[in-house]
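Structure first, then comments.
The values are calculated or read from the model by the stated rules, or taken from the named source; none is laboratory data. Computed from a predicted structure; not experimentally measured. Glycine also receives a Cβ, built like all others from the backbone with ideal geometry; neighbour counts cover every protein chain displayed. To get the accessible areas, we keep the full protein, side chains included, count just its heavy atoms, and leave off ligands, DNA and RNA. Shrake-Rupley method; radii C 1.70, N 1.55, O 1.52, S 1.80 Å.
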Amino acid sequence: MRGMRVLVWVSEETWEASVDAARSFASADAVLTLLFVASTDVVEAPGGALGGLLGRRPPRRDPVRRMASASAELGQALLAAAGERLGRPAESEQRAGRPEREVVAAAAGADLLIVARDGERDRPGPRSLAPPTRFVVDHAPCAVLLVWPDRRG
């Protein structure tokens with residue numbers, strides 16, 4: 001019998017809480033996957049700015065490619081730090097796109113998705129989730145463990 005498949009959403013601001021929850025709640029035989037999603041909105045923003053130059057000479061270096069490269073490097077670094085903090089074997093997956101859509105798609109093969117709250121941290125309620133995280137919680141095709149960052153339980 002295989003272990004539970006656990007997907008851990010590694011985002012820039014709250015990855016530690018998600019990884020700590022995986023350490024606390026995932027069984028020893030669970031198959032863990034750490035997921036980072038690079039938002040294409042951020043990566044493609046310089047391309048839109050270049051479109052406004054209307055015929056001016058394009059820059060020597062492609063800013064969209066540079067942003068994509070920087071985002072990929074950030075993702076690799078976060079996944080490496082998350083794997084080290086987790087302290088046990090885990091797969092790593094890096095995607096690019098709209099984070100909420102990519103996380104929901106990745107969760108299709110999971111039994112449990114671990115997500116940290118990323119909105120207003122001073123009080124519980126709807127604003128304790130940013131819109132992409134709210135979308136994930138509402139549309140995930142598996143069970144969701146929602147944790148508070150910076151809180152010890």
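Does the stretch 123-137 contain any residue that is β-branched (Val, Ile, Thr), modelled with pLDDT of 95 or more, assigned to a strand (DSSP E or B) and open to solvent by less than 40 Å² (accessible area, probe 1.4 Å)?
So far as the stretch 123-137 goes, no, none of its residues is β-branched (Val, Ile, Thr), modelled with pLDDT of 95 or more, assigned to a strand (DSSP E or B) and open to solvent by less than 40 Å² (accessible area, probe 1.4 Å).
Can you pull out the residues in the stretch 107-122 that are over 17 Å from Leu78 (Cα atoms) and surrounded by 18 or more Cβ atoms within 10 Å (Cβ to Cβ)?
Residues satisfying the conditions are Ala107, Ala110, Leu112, Leu113, Arg117.
Yes or no, residue by residue, for (1) under 12 Å from Leu34 (Cβ atoms); (2) touching a strand residue (DSSP E or B) at 6+ places or on another chain (Cβ under 7 Å); (3) touching a residue at least 40 places away in the same chain (Cβ under 8 Å):
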{"position": "Leu74", "(1), (2), (3)": "no, no, yes"}
{"position": "Ala82", "(1), (2), (3)": "yes, yes, yes"}
{"position": "Glu91", "(1), (2), (3)": "yes, yes, yes"}
{"position": "Pro99", "(1), (2), (3)": "no, yes, yes"}
{"position": "Ile114", "(1), (2), (3)": "yes, yes, yes"}
{"position": "His139", "(1), (2), (3)": "no, no, no"}
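Pick out, from the stretch 1-93, the helices (runs of 4 or more DSSP H) lying fully within it that include 2 or more residues that are buried (at least 18 other Cβ atoms within 10 Å of the Cβ) and modelled with pLDDT of 95 or more.
15-25, 63-86
Of everything in the stretch 137-147, what is in contact with a helix residue (DSSP H, G or I) (Cβ under 7 Å, 6 or more places away or on another chain) and within 22 Å of Ser24 (Cα to Cα)? Give them in sequence order.
Ala140, Cys142, Val144, Leu145, Leu146, Val147
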